[in-house]
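Have a look at the structure below before the remarks.
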Amino acid sequence: MLLTANLYQFVYGVQEKNRFSNIGNITSIAFSPDGKSIATTSYDQTIKLWSLDGRELQTFKGHSAAVWSVAFSPDGKSIASASEDKT
């Protein structure tokens, strides 16, 4: 019975805090090394940098096709991306 109650709480008790949404569907997400920001990539050819409270901090444009992957450098000062445009 306790297991059922815990499972119920886990499944139905979760509430969304913030939602990150690019114009297109998000294809990748990465947390900065300091844990203070999040980068997302999307089919809309952008990389977006977000605060943890869901505020969009910056949009990076330059790819000519969907962006598939994003990663922060270990020091958090650079972001690398990979796109369908082969860059």
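The values are calculated or read from the model by the stated rules, or taken from the named source; none is laboratory data. Everything numeric here is computed off the predicted structure, so don't read it as measured data. As a convention, Cβ positions derive from the backbone with ideal geometry for all residues, glycine included, and neighbour counts pool all protein chains shown. Surface areas here come from the heavy atoms of the whole protein model, side chains and all, with no ligands, DNA or RNA. Shrake-Rupley method; radii C 1.70, N 1.55, O 1.52, S 1.80 Å.
Checking each residue in segment 61-87 for being outside any strand (DSSP E or B) and open to solvent by 50 Å² or more (accessible area, probe 1.4 Å) picks out GLY62, SER64, PRO74, ASP75, LYS77, SER78, GLU84, LYS86, THR87. Could you tell me whether any residue of segment 37-50 is over 13 Å from the mean Cα position of the chain (by Cα), open to solvent by 40 Å² or more (accessible area, probe 1.4 Å), at pLDDT below 95 and of a type in the set (S, T, N, Q)? The answer is yes; a qualifying residue exists.
For GLN58, state whether it is over 15 Å from PHE31 (Cβ atoms) and loosely packed, with under 13 Cβ neighbours inside 10 Å. For GLN58, the condition - over 15 Å from PHE31 (Cβ atoms) and loosely packed, with under 13 Cβ neighbours inside 10 Å - is met.
Scanning segment 11-30 finds one or more residues that are in a helix (DSSP H, G or I) and modelled with pLDDT under 85.
How about segment 53-83: which of its residues are among the acidic types (Asp, Glu) and modelled with pLDDT under 95? Once the filter is applied, which keeps residues that are among the acidic types (Asp, Glu) and modelled with pLDDT under 95, segment 53-83 yields ASP53, GLU56.
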